[in-house]
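Before any comments, here is the structure.
The values are calculated or read from the model by the stated rules, or taken from the named source; none is laboratory data. In this text the structure is predicted, and so the values were computed from the model without any measurement. Neighbour counts are summed over all protein chains in view; Cβ atoms, including those assigned to glycine, are modelled from backbone coordinates with ideal geometry. What goes into the accessible areas is simple: the full protein's heavy atoms, side chains included, and nothing from ligands, DNA or RNA. Shrake-Rupley method; radii C 1.70, N 1.55, O 1.52, S 1.80 Å.
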Amino acid sequence: QAPAYPTAPRLSAPVADLASDYRWPTLAGMMPNPRVCVIGAGAAGLTTIKQLKDRNITNVECFEKEPDVGGIFNYGKEKNGVYDNCYLTISNYMMAFSDMPPTGHRYHWHHSEYKDYLLQYAKAFDLAKHVSFATTVLSVEGGPGRWHVVVQGPDGKAVDKGVYDAVAVCSGTHQAVNQPRLPGQDSFTGVVVHSSTYKNNTEFVGKHCVCVGIGESGADIVREISDVARSTVLSMRGYPFLLSRLGRVFGSENPQGGPSDSFTTRVQHDWLHVSLHHATKWKQWVNRFAYTLGALAFVLFPSLGRGPKPLKDAFNQDNHAPYIDKNTPASPEAAEFILQSLVKSGQGTEGQKFACKNVTFLENVVKGKITTNHVGIKHLEGDFVVFNDGSRARCERLILCTGYKDEFVFLKGNIGDSDVALSVPGGNVRHLYKHIFHPKIGESMAWIGFVRPSTGGIPACAEMAARYWALLLKGDRKLPKNVAEITSEAYAADTELFKLSANVKTLVLFKEWMDDMAELIGCDVKLWRYIFQPSLFIRLGIGTMQPAQYRLAGPGSNPTLAKSAIMSVPVTYTRTFLLNILACSWLRCLHLPYRLPGSGNKF
């Protein structure tokens with residue numbers, strides 16, 4: 001029987017007036033070491049435990065349904081998760097946590113290497129002792145500050161774990177498969193497969209195949225299938241925003257062979273990927289002059305930002321060979337496909353779109369092994385797929401690369417004594433403050449790991465969310481009094497900004513979100529502070545936005561470790577390409593027309 005909960009105030013106030021209602025009992029300052037439940041021991045759950053421990057919150061219990069840490073990266077032939085040849089779309093320095101950055105060469109980890117990193121992280125900070133493995137959370141119910149949790153242990157029996165002061169939902173975005181049912185599917189004579197069960201291409205040898213969707217996993221899957229299938233059609237409902245993982249598309253030399261996320265820089269994001277109303281803030285203008293100064297210093301003295309040219313690129317391929325992705329050579333046809341997809345997708349001109357950071361399939365498009373269709377499927381008919389343009393394709397295997405949807409089936413009932421359901425409102429994390437906090441619950445429940453930057457890594461965002469949450473639980477920070485109003489405004493702005501990827505509710509702009517969180521935590525990067533350390537100053541302005549930069553100052557800082565990580569990664573820009581970026585960026589900020597460097601396209 002569930003314990004009785006204290007009566008919580010009803011939430012009848014307008015959204016903008018919830019400041020006095022949402023912290024029912026607030027945890028801040030009430031208890032030095034609250035009892036905390038963490039759901040999931042993937043990347044988000046592990047860093048949440050670590051950041052809590054850093055603030056001396058040690059009464060932490062984590063429940064993980066898998067037999068080991070790693071979440072989706074726990075590989076198994078018969079389980080949902082990573083496939084045999086899965087390489088991460090974000091490089092190691094951007095996937096790693098700021099409190100344990102990698103060393104050495106910058107490259108894309110295989111999924112097994114990232115799992116090893118998570119194991120090392122758990123071992124380094126003694127996190128596994130907080131985790132109950134092979135344990136599924138059955139229910140969480142109650143109200144702020146009193147969350148009753150029931151789990152199912154390895155023996156299959158339900159166990160009442162009692163009441164927790166705070167709960168972190170770190171269950172991840174790969175729990176519920178999004179598998180649409182297509183018209184005519186009942187009479188379809190082929191086999192329908194969802195990408196969540198895909199491991200390799202052995203079952204598709206000699207088959208007529210149609211792959212639906214072109215996310216980052218889908219790009220790998222359609223490439224592998226087309227290597228062995230009799231025919232392969234890639235069906236899309238529009239044009240994707242494609243990014244080569246080696247950034248060698250429009251003639252940018254990229255002599256370092258760095259990954260495309262080496263262009264995830266302050267200069268690039270602040271000027272090219274942030275909407276203009278953000279770019280007019282006075283603070284952005286101050287930083288813009290700092291970036292310009294750093295860029296000009298690099299143009300004049302490139303040795304301040306660059307080391308010797310690596311022998312291997314970010315996939316450990318010959319750095320002198322013109323690869324644009326893993327096992328994907330550059331070609332005019334591939335470049336044209338990427339450019340036309342960019343233009344027709346509306347990215348940058350009509351809004352922001354999720355970036356598919358994987359173009360390995362393009363070589364087989366160029367070779368004719370993959371036929372693309374951009375109008376979507378009308379219906380299935382026998383052993384054929386009929387598209388909206390009237391064309392047809394023979395199909396023995398229909399592979400749905402349609403992703404996942406957010407579901408939290410363990411959240412039960414209403415919030416305390418209110419009539420508000422204990423759930424993510426509308427199933428959309430944009431209704432949460434910073435994708436983390438329900439405005440009608442406050443700091444005692446946090447959703448961590450539900451921020452997906454259009455370019456950049458989810459783990460880095462999860463770490464920042466966990467750092468902020470730990471400070472809130474200790475009473476060192478407070479949520480804004482007008483948190484509901486701020487959340488409502490952010491919801492409207494982000495929904496409009498990412499309207500081209502309307503189904504991906506977790507999307508954010510990496511630099512904007514991370515810098516906002518850094519200000520809340522107190523670890524924001526003040527560029528001018530490092531002007532007399534020119535190599536560091538240059539890397540902070542025009543180098544990769546590593547998570548480590550948010551350990552330079554503020555709570556939990558480790559400047560020695562942070563500087564070591566930042567200095568170990570060279571600037572990727574060539575001087576010519578950087579000057580082009582500077583020119584078109586200033587033109588954009590001044591509302592003047594500009595051309596994307598290398599593409600010839602005018603905006």
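Sorted by packing (mean other beta-carbon atoms within 10 Å per residue), highest first, where do 441-453, 116-128 land? Walk me through the intermediate numbers first.
Values: 441-453: 26.4, 116-128: 16.7.
In descending order of packing, they fall as 441-453, 116-128.
Projecting the Cα atoms of Leu118, Gln352, Gly153 onto the dipole axis of the chain, where Lys and Arg carry +1 and Asp and Glu carry -1 at the beta carbon, places Gln352 farthest toward the positive end. For the range 464-545, trypsin sites (Lys or Arg not before Pro) meeting the loop criterion (DSSP other than H, G, I, E, B) and having at most 16 other Cβ atoms within 10 Å: Lys478, Lys481, Lys526. The calculated FRET efficiency for Ser303 paired with Leu590, based on their beta-carbon distance and R0 = 25 Å, is about 0.20. Evaluating 6.51 cos²θ - 1.76 cosθ + 1.60 at θ = phi - 60° for every residue in the range 467-478, the Karplus couplings come out as 4, 5, 4, 4, 5, 5, 5, 7, x, 7, 9, 10 Hz, glycine and proline recorded as x.
Show that you can apply the helix-only estimate: for the chain, add -39,500 (n - 2.57) for every DSSP H stretch of four or more residues, divide by all residues, and state [θ] at 222 nm to the nearest 500.
On the way: 14 runs with 162 residues, N = 603.
One gets -8500 deg cm²/dmol as the mean residue ellipticity at 222 nm.
Solvent exposure of the chain amounts to 39 Å² per residue of accessible area, where only protein heavy atoms count and the probe is 1.4 Å. Relative to the current alpha-carbon distance between Thr197 and Ile486, full extension at 0.36 nm per residue lengthens the span by 100.1 nm. Taking label positions 7 Å along the Cα-Cβ direction at both Lys526 and Glu113, the computed distance is 3.7 nm, reported to one decimal. Full extension of the segment from Asn33 to Glu333, taken as 0.36 nm per residue of separation minus the current Cα-Cα distance, would add 102.0 nm. Counting lysine pairs in the range 386-514 whose alpha carbons fall under 22 angstrom apart, excluding pairs fewer than 8 residues apart on the same chain, gives 15. Karplus-derived 3J(HN,Hα) values for the range 491-498, using 6.51 cos²θ - 1.76 cosθ + 1.60 with θ = phi - 60°, are 4, 5, 5, 6, 4, 6, 4, 9 Hz; glycine and proline are entered as x.
When peptides 136-146, 553-563, 219-229 are ranked by their average number of other Cβ atoms within 10 Å per residue, the highest-first order is 219-229, 136-146, 553-563. Here the range 98-201 is described by how far its Cα atoms reach on the three principal axes: 52, 47, 29 Å, from widest to narrowest.
Taking the Cα centre of the range 346-407 as origin, sum charge times position over the Cβ atoms of Lys and Arg (+1) and Asp and Glu (-1), and report the length of that vector in debye to the nearest 20. Provide the component values of the computation, followed by the final result.
Numbers: 9 positive and 8 negative charges, 45 e Å.
Its charge dipole is roughly 220 debye.
Each Lys and Arg Cβ is given +1 and each Asp and Glu Cβ -1; about its Cα centre, the range 338-490 then shows a dipole of about 380 debye.
Note on Thr103 and Asn414: the model spin-label points, each 7 Å out from Cα along the C-beta direction, lie 5.7 nm apart. By the compact-protein rule of thumb, 2.2 N^0.38 Å, the alpha-carbon radius of gyration of the chain corresponds to a ratio of 0.97. Computed over the alpha-carbon pairs of the range 63-138, the distance histogram in 10 Å steps reads 18, 46, 31, 5, 0 percent, short to long. In this label model, Gln533 and Asp227 are separated by 4.4 nm, measuring between points 7 Å along each Cα→Cβ vector.
Subtract the Cα-Cα distance of Arg392 and Asp160 from 0.36 nm times their separation in residues, and report this length gain in nm to one decimal.
On the way: separation 232, 0.36 × 232 = 83.52 nm, distance 5.50 nm.
The Arg392-Asp160 span can extend by a further 78.0 nm.
Evaluated with a Cβ-only charge set (Lys, Arg +1; Asp, Glu -1), the range 59-137 carries a dipole of roughly 100 debye about its Cα centre, given to the nearest 20.
Is there a pair in Lys77/Lys123; Lys50/Lys129; Lys326/Lys367 whose C-alpha atoms are over 18 Å apart, and which pairs would that be?
Values: Lys77/Lys123 26 Å; Lys50/Lys129 12 Å; Lys326/Lys367 16 Å.
From the list (Lys77/Lys123; Lys50/Lys129; Lys326/Lys367), the Cα-Cα distance tops 18 Å for Lys77/Lys123.
Using the Karplus relation 6.51 cos²θ - 1.76 cosθ + 1.60 with θ = phi - 60°, the per-residue 3J(HN,Hα) values for the range 336-346 come to 5, 4, 5, 5, 5, 5, 4, 5, 6, 6, x Hz, with x marking Gly and Pro. The calculated FRET efficiency for the pair Ala493 and Asp318, based on their C-beta separation and a Förster distance of 41 Å, comes to about 0.40. If a spin label sat at a point 7 angstrom from the Cα of Ala176 along the line to its beta carbon, the backbone N atoms of the range 450-467 nearer than 17 Å would be those of 450-451.
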